[in-house]
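Participant: The structure's right below; bear with me while I get my questions together.
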Amino acid sequence: MDVQNAKKISDYIFKDVFGINNPFSLEELQKKFAIDIPSVQKIKCLLSKTDTWTFSATDEKIASQEAIEDQFKKDEWMKKKKPLDSVKDILKSWEEINYQTSEKYINSVDVAQSDGVYNSANVFHSVSIFDSKNIVFSYKIFDSNYMLASRDNSSCTLGIRAKESIFCSSGFEISWSNKVSKSMYIHDCFDLYECLFCSHLRTRKYCIANMQFEKEEYFKLKKQVVEWILK
């Protein structure tokens, strides 16, 4: 995964959610939509002296998973035996070899600038991603695909700023909801399609602020909402 591919994924999600081409750079997308999403930080790996990305505290001893694996190939991380006469000696010796691992990827491919990625693919600048694909600027995503600037979701697809939701798709600012699609600014809802600014509704479509609208009225107002979001 590189910046160019991360941009392509973001553009695809953006077009699906907002219905227009993405006018923002990757950096602009991060600042506009992901500013409050928990993220990795770039620091120097203490073993390789190269840049690495971590979610751990930056005052800890950090080494990339790659650098740790390279060291294992050299000496299997074994040290020559020396006398240990106290717990203090043990702790000192442990400190010498105990690095917090950064850029942790397990059974994952095409991952960059991320930490804690499991059984996933095409992940960029994200943390704690499980069984997912095409994830950018996100945190704690499970079994999802094409998510941008989202957190704490499971089984979601094509979402921007989705939070604490399940089985939601093609939406923006959907939180604590289930089976919501093609909607924006939704909280605590179930089974909604094409709704805006709604809370606590069940099985509705073409609603705005919990009021029922005709389809034509709805899409006229939705266009104004999209323009307002992107201005």
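Participant: Hey, rough spin-label estimate for I90 and Y118, points 7 angstrom out along Cα→Cβ, what's it come to in nanometres?
Facilitator: Rounded to a tenth, the inter-label distance reads 2.9 nm.
Participant: Would you calculate a helix-derived [θ] at 222 nm for the chain, using -39,500 (n - 2.57) for each DSSP H run of n ≥ 4 and dividing by the full residue count, to the nearest 500? Mind showing how you got there, number by number?
Facilitator: Working: 5 runs with 62 residues, N = 231.
Helices in the chain give a 222 nm mean residue ellipticity of -8500 deg cm²/dmol.
Participant: Please work out the average accessible area per residue across the stretch 155-231, using the 1.4 Å probe convention, and give it in Å².
Facilitator: For the stretch 155-231, the solvent-accessible area averages 53 Å² per residue.
Participant: Also: How many percent of Cα pairs in the stretch 1-75 exceed 20 Å?
Facilitator: Looking at the stretch 1-75, the distances longer than 20 Å represent 51 percent of pairs.
Participant: Apply the Karplus parameterisation 6.51 cos²θ - 1.76 cosθ + 1.60, with θ equal to phi minus 60°, to every residue of the stretch 169-176 and state each ³J(HN,Hα) to the nearest whole Hz, in sequence, with x for glycine and proline.
Facilitator: These are the phi-based 3J(HN,Hα) values: 8, 6, x, 10, 6, 9, 9, 6 Hz.
Participant: Tabulate in residue order the Karplus-calculated ³J(HN,Hα) for the stretch 43-57, using 6.51 cos²θ - 1.76 cosθ + 1.60 with θ = phi - 60°, rounded to whole Hz; enter x for Gly and Pro.
Facilitator: 9, 8, 5, 6, 8, 8, 6, 9, 5, 9, 10, 9, 9, 6, 4
Participant: List, in order, the whole-Hz ³J(HN,Hα) value for each residue of the stretch 197-203 obtained from phi through the Karplus relation with A = 6.51, B = -1.76, C = 1.60 and θ = phi - 60°; use x for Gly and Pro.
Facilitator: 6, 10, 9, 6, 8, 9, 6
Participant: In addition: Looking only at the stretch 72-214, where both bridge partners belong to it, what percent of the DSSP beta bridges are antiparallel (to the nearest 5)?
Facilitator: In the stretch 72-214, DSSP labels about 5 percent of beta bridges as antiparallel.
Participant: How many percent of the accessible area of the stretch 1-113 is carbon or sulfur, using a 1.4 Å probe?
Facilitator: Of the solvent-accessible surface of the stretch 1-113, carbon and sulfur hold 52 percent.
Participant: Would you kindly calculate the mean projected area, averaged across all directions, of the convex hull enclosing the Cα atoms of the stretch 76-141, in square nanometres?
Facilitator: Computing the convex hull of the Cα atoms and averaging its projections yields 6.0 nm².
Participant: Moving on. Once the Cβ-Cβ distance between Q224 and K42 is put in as r, and R0 is 35 Å, what FRET efficiency do you end up with, to the nearest 0.05?
Facilitator: The formula returns an efficiency of 0.35 here.
Participant: Treating only the Cα positions of the stretch 64-217 as identical point scatterers, give the base-10 log of I(q)/I(0) from the Debye formula at each q in 0.16, 0.17 Å⁻¹.
Facilitator: Taken in order of the listed q values, log10 I(q)/I(0) reads -0.82, -0.88.
Participant: Defining a contact as two alpha carbons under 8 Å apart and six or more residues distant in sequence, what relative contact order in percent does the stretch 100-231 show?
Facilitator: Over the stretch 100-231, the number comes to 9 percent.
Participant: Using only the alpha-carbon atoms, what does the stretch 1-157 span along each of its principal axes? Please give whole angstrom values in decreasing order.
Facilitator: Taking the Cα atoms of the stretch 1-157, the three principal extents are 68, 26, 25 Å.
Participant: I need the calculated FRET efficiency for the pair D59 and V3, taking r as the beta carbon distance and R₀ as 30 Å, to the nearest 0.05. Spell out each step's value before the answer.
Facilitator: Details: r = 28 Å, r/R0 = 0.94.
Computed FRET efficiency for D59 and V3: 0.60.
Participant: Apply 1/(1 + (r/R0)^6) to the Cβ-Cβ distance of E164 and K81, taking R0 = 30 Å, and write down the FRET efficiency to the nearest 0.05.
Facilitator: Values: r = 51 Å, r/R0 = 1.69.
Calculated value: 0.05.
Participant: Using the Cα gyration tensor of the stretch 128-179, with a ≥ b ≥ c the square roots of its eigenvalues, what is the shape: rounded (a/c below 1.5), prolate (a/b larger than b/c) or oblate (neither)?
Facilitator: Verdict is rounded for the stretch 128-179.
Participant: Can you list, largest first and rounded to whole Å, the semi-axes you get for the stretch 158-219 by taking the square root of 5 times each eigenvalue of its Cα gyration tensor?
Facilitator: Square roots of five times the eigenvalues give 17, 11, 9 Å.
Participant: Which whole-number percent gives the relative contact order of the chain, counting Cα pairs below 8 Å spaced six or more residues apart?
Facilitator: Reported as a whole number, the value is 12 percent.
Participant: Do the alpha carbons of any pairs in K8/K32; K15/K104; K81/K104; K49/K82 sit beyond 23 Å of each other, and which pairs? If you can, show how the numbers build up before the last one.
Facilitator: Details: K8/K32 17 Å; K15/K104 31 Å; K81/K104 29 Å; K49/K82 28 Å.
Distance filter (> 23 Å) returns K15/K104; K81/K104; K49/K82.
The values are calculated or read from the model by the stated rules, or taken from the named source; none is laboratory data. Since we're looking at a predicted model, the values are computed, not measured. Quick reminder, even Gly has a Cβ in these numbers, built from the backbone with ideal geometry, and neighbours come from all protein chains shown. All accessible areas refer to the heavy atoms of the entire protein, side chains included, with ligands and DNA or RNA removed. Shrake-Rupley method; radii C 1.70, N 1.55, O 1.52, S 1.80 Å.
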